Amino acid sequence: MDKLVIRGGEPLLGTIRVSGAKNAALPCMAAALLTDEPVILENIPQVRDIETTRNLLAAMGAEVELGYGRAQHRTTIHCKTLAAPEASYELVKTMRASTLVLGPLVARCGHARVSLPGGCAIGSRPIDLHIKGLERLGAKITQDHGYVEATTQRLKGAEIVFDKITVTGTEDLLMAATLAEGETIMRNCAREPEVADLAALLNKMGAKIEGAGTSTVRVQGVTKLHGARHRIIPDRIEAGTFIIAAVLTAGDLNITGCDPQHLGALMAKLAEVGVKSKQNSDSVRVMGDNPLTASDMVTEEYPGFPTDMQAQFMALATQAEGTSIITENIFENRFMHAQELTRMGANIKIEGCRAIVRGRSPLSAAAVLASDLRASASLVLAALVADGETIIDRVYHLDRGYENIEEKLRGVGAQIRRIGEMLPRKAATPARA
Ligand code: UD1
């Protein structure tokens, strides 16, 4: 199993480029299930979750071609026939977002069988709202042997009101509604940029969607969707992680290829903490030479502060002067990184959904364990300012969502290396599955 070895203390200087958004790429890949024509996606990040989705689609009979050389971030997905509209437990257990295939499969094939996701490191994460929404669209749902099975002749448009805001739930039902008969109105939808990006692809495929990116989305169902070409939006969480890396190391980083409009809540919070930054249309420059002051933070659905940046913000709070109270409102158990940060010298107390971080604590290197994707990122950030050499175990969590993170950080001066078994990271030759 790979480990990262990081020697802290180097200011990060230079330019670092953001990859495409994993959380936009995953639903866009699932959207290819809705048509028998090829869908070409650009700016796909080379991360483990994309590989898992490729395997998931291939297992159903899709042809998934990965670009190589200069086109290595392009993928073409052709779901001409879908012999087995199924997502097995083996795949769903490694990536919960696999449940994104449920809506498109039942809409296209009239039948889908998808494993229910089990427990998760950050909370229970049920998919009851996906299931309830599909029932509203007329699907007959049964649950047996850990699988959910959905069948229908053709889905029928309906009004769906989400009891709770769910990102992949909104995406799943949005895809299903594109091929339903008549109009679907979805209320209390997730407003994340990734939902709007999926809708942009679906509209290019011939769907009739209005309002994606707001809380009310209207879909006029069509009988058929066609192929399309689409460029995935930049990864706002990766961008945010690099921004915090610049701040923590008192560096000066130009983070390019990002969309600052998607970073509003993070940049507003960082300004409160004392961070200086300049924004252009597709880049953010962060000058991390100011003293940092503590600030409370609450995670919320977009456009609020993202839960996917909470762990990284906690690493930052350990270096701010004063007490920061961090409240996690989206997931019930998303503070696993706190214990590891404490082992590195941070002063953090957990009280239910609140973490009380008292700064500023000098951090010292330790052997630490990554527990989930964003927790791993917070440990990398802490290690970049810790005194000595930190060893982060279970880096596979990081590989699920960060493309070549050690190469990117090394390029701006971090002392970081990977040890242990090397995972295949780039397709050297064209791959077909
Ligand atoms: C997505 C993101 C993830 C991010 C999260 C919240 C992807 C692939 N993943 O995850 O990175 O952390 O949004 O921004 O885009 N819930 C239910 N029933 C459901 C669905 C969700 O109760 O049927 C609850 C969840 O347990 C959670 C909350 O709703 O407490 C939000 O979850 P949701 O937005 O669905 O997260 P994901 O879409 O899984």
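The values are calculated or read from the model by the stated rules, or taken from the named source; none is laboratory data. Quick caveat: nothing in here was measured; it's all calculated off a predicted structure. Cβ placement follows ideal geometry from the backbone for every residue including glycine, while neighbour counts extend to all protein chains displayed. Each accessible area value is taken on the protein alone, full model and side chains, heavy atoms only, with ligands, DNA and RNA left out. Shrake-Rupley method; radii C 1.70, N 1.55, O 1.52, S 1.80 Å.
You can think of it this way: the chain between Thr327 and Glu300 has 8.8 nm of extra reach, that is 0.36 nm per residue less the Cα-Cα gap. Rounded, prolate or oblate, given the Cα gyration tensor of region 154-303, with a/c below 1.5 counting as rounded? Prolate is the answer for region 154-303, as a/c is 1.5 or above and a/b outweighs b/c.
Relative to the compact-globule scaling 2.2 N^0.38 Å, provide the ratio for the alpha-carbon radius of gyration of the chain.
Cα-based Rg divided by the globular estimate yields 0.97.
Pairs of C-alpha atoms in region 254-407 farther apart than 19 Å represent 54 percent of all such pairs. Maximal additional length on extending the Glu272-Val222 stretch stands at 13.3 nm, based on 0.36 nm per residue less the C-alpha distance. Centre-to-centre separation between the Cα atoms of region 158-204 and those of region 230-283: 28 Å. Given axes a ≥ b ≥ c from the Cα gyration tensor, I'd like to know whether region 317-388 is rounded (a/c under 1.5), prolate (a/b larger than b/c) or oblate. It comes out oblate by the Cα gyration axes.
Couplings 3J(HN,Hα) of region 361-377, computed from phi: 10, x, 9, 10, 4, 7, 7, 10, 10, 7, 10, 7, 4, 6, 4, 4, 5 Hz, in residue order, whole Hz [Karplus 6.51 cos²θ - 1.76 cosθ + 1.60, θ = phi - 60°; x for Gly and Pro]. In terms of its C-alpha gyration tensor, region 1-141 has an oblate overall shape, because the principal axis ratio a/c (a ≥ b ≥ c, square roots of the eigenvalues) is not below 1.5 and a/b does not outweigh b/c. Of the cross-linked pairs Lys22/Lys349; Lys140/Lys164; Lys349/Lys408; Lys276/Lys408; Lys22/Lys93; Lys22/Lys208, those separated by over 26 Å at the C-alpha level are Lys22/Lys349; Lys349/Lys408. Protein heavy-atom surface of the chain, 1.4 angstrom probe: 48% of the accessible area is carbon and sulfur, with nucleic acids and ligands not counted.
Sequence-ordered 3J(HN,Hα) estimates for region 239-253 from the Karplus curve with 6.51, -1.76 and 1.60 and θ = phi - 60° stand at 4, x, 5, 5, 4, 5, 4, 5, 5, 4, 8, 6, x, 8, 10 Hz, glycine and proline given as x. The charge dipole of the chain, taken about its Cα centre with unit charges on the Cβ atoms of Lys, Arg (+1), Asp and Glu (-1) only, comes to about 480 debye. Label sites at Met1 and Ser88, each approximated as a point 7 angstrom past Cα along Cα to Cβ, lie 2.3 nm apart. At full extension, Asn290 and Asp36 could sit 86.0 nm farther apart than now, given 0.36 nm per residue minus the alpha carbon distance. For Ile391 and Asn347, the FRET efficiency from 1/(1 + (r/R0)^6), where r spans their Cβ atoms and R0 equals 22 Å, is about 0.50. A 1.4 Å probe run over the chain, with the rest of the protein chains in place, finds 39 Å² accessible per residue.
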